[in-house]
Amino acid sequence: MGSNVTESVQLRVVDVIEETSDAKSFVLEAPSSLSYRPGQFLTIEVPSNSGAKSAARCYSLSSAPHESDLLKITVKRVRDGYGSNWMCDNVEVGHTLKALPPSGQFTSRQVSSDLLLFAGGSGITPVLSIAKSALANGAGDVVLFYANRNDASVIFASELSELAAKYPDRLIVIHWLESVQGIPTVTQLKNVVRHLSSYDAYVCGPAPFMAAALTALDQLGFPRERKHHERFISLEGNPFDVDEAAHEPSSSETVGEVIASIASEPPARAFRVSGEIGGVSFDHDDWPSDQVLLDFLLKKKLAAPFSCRSGECSSCTYRIVEGSVKMIGNDVLDDEDLNDGLRLACQSLPETDEISISYEF
């Protein structure tokens, strides 16, 4: 990513590709300083349908970093989905989109690993990016289980065929069509992949599909560190309204609340937090008890990842190494995540005097 993650970027649309009758890919020209990891997404500003100036929607990148300097997001229409339908109906070549830099933790870090990829419907978008990167940059095998309603709904059908032909000894694509085989069950998923229990698994798709795939992985004994899943969350807040929030009081407080707090309570305590972000180590002893961690890190000019800033996505996830924090909200981390020490920076307030964190997990 660029050095200042608080700033939005302008992306020019250079091509629009009709993938299926209800899905389009948008090829985007980005600033040369913009980089991303396979599996990440863009947060795009769209006109609001609720009276507000604008709204935000997250769309995964289907391109892979090694392919070119161009980015590609793929958008599938959702029934009654305002953002996806607006994108597919209105965005054309020559348009410019406002976006936050690429974000998200659903990304592969070990290029040499064998990968087991589960995708359902438009969940193929980040999974394709991960697969292409692994095949081009690594030496491991890749098995993709891809579920769809029918033949006509298979996104990237030709691209997957080309990849399978290019890497016949390393890539296996298993197409599962609901119109032919029904909705895949936990038992069926286990039977298909039970011999791949040493692989790193990635899961993305509709909630019922992901639940079945994750249950199958659990029953096959996949450990937490080799099991990853993306989450589809519809953002309620608008991160484009807080581009300058890193220089203001915490987004969870109003000025009135800050004044009232100063008048009625002792001054905020200062806590110590240390760790590393993007290869940059930090150690600060002035984290205020009334400021969420993300705002504090951004104020210190650290490239902490984020997107929604309201606990609705997992972009700002980090791991507690030592100490503890209190989260004031959480819509995305499950019990397994929490037990593994994962927390959301945009929702974290300090609890212990010294806290050590890591963004590598």
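The values are calculated or read from the model by the stated rules, or taken from the named source; none is laboratory data. Nothing here was measured: the structure is a model prediction, and the numbers come from that model. With ideal geometry, Cβ positions are generated from the backbone for all residues, glycine too; neighbour counts draw on all protein chains shown.
General observations
- Segment 253-279, residues that are more than 21 Å from Arg309 (Cβ to Cβ) and modelled with pLDDT under 95: Ile259, Ala260, Ile262, Ala263, Ser264, Glu265, Pro266, Pro267, Arg269, Ala270, Glu276, Gly279
- Residues that are under 15 Å from Asn85 (Cα atoms) and surrounded by fewer than 13 Cβ atoms within 10 Å (Cβ to Cβ) within segment 18-53 comprise Glu18, Ser21, Pro47, Asn49, listed in sequence order.
- Qualifying residue in segment 62-72 (condition: touching a strand residue (DSSP E or B) at 6+ places or on another chain (Cβ under 6 Å) and either more than 30 Å from Ala152 (Cβ to Cβ) or part of a strand (DSSP E or B) (or both)): yes
- Annotation note: of Ser356, Ser314, the sole residue that is touching a residue at least 60 places away in the same chain (Cβ under 8 Å) and in a strand (DSSP E or B) is Ser356.
- Cβ separations smaller than 8 Å between residues 6+ apart or across chains give the following pairs from segment 161-172 residues that are assigned to a loop (DSSP other than H, G, I, E, B) to residues that are surrounded by 14 or more Cβ atoms within 10 Å (Cβ to Cβ) and not basic (Lys, Arg): Tyr167/Leu135; Tyr167/Val142; Arg170/Leu135; Arg170/Gly140; Arg170/Asp141; Arg170/Val142.
- Boolean, Gly104 is under 27 Å from Leu160 (Cα atoms), surrounded by 13 or more Cβ atoms within 10 Å (Cβ to Cβ), modelled with pLDDT of 90 or more and in contact with a Phe, Trp or Tyr (Cβ under 8 Å, 6 or more places away or on another chain): no
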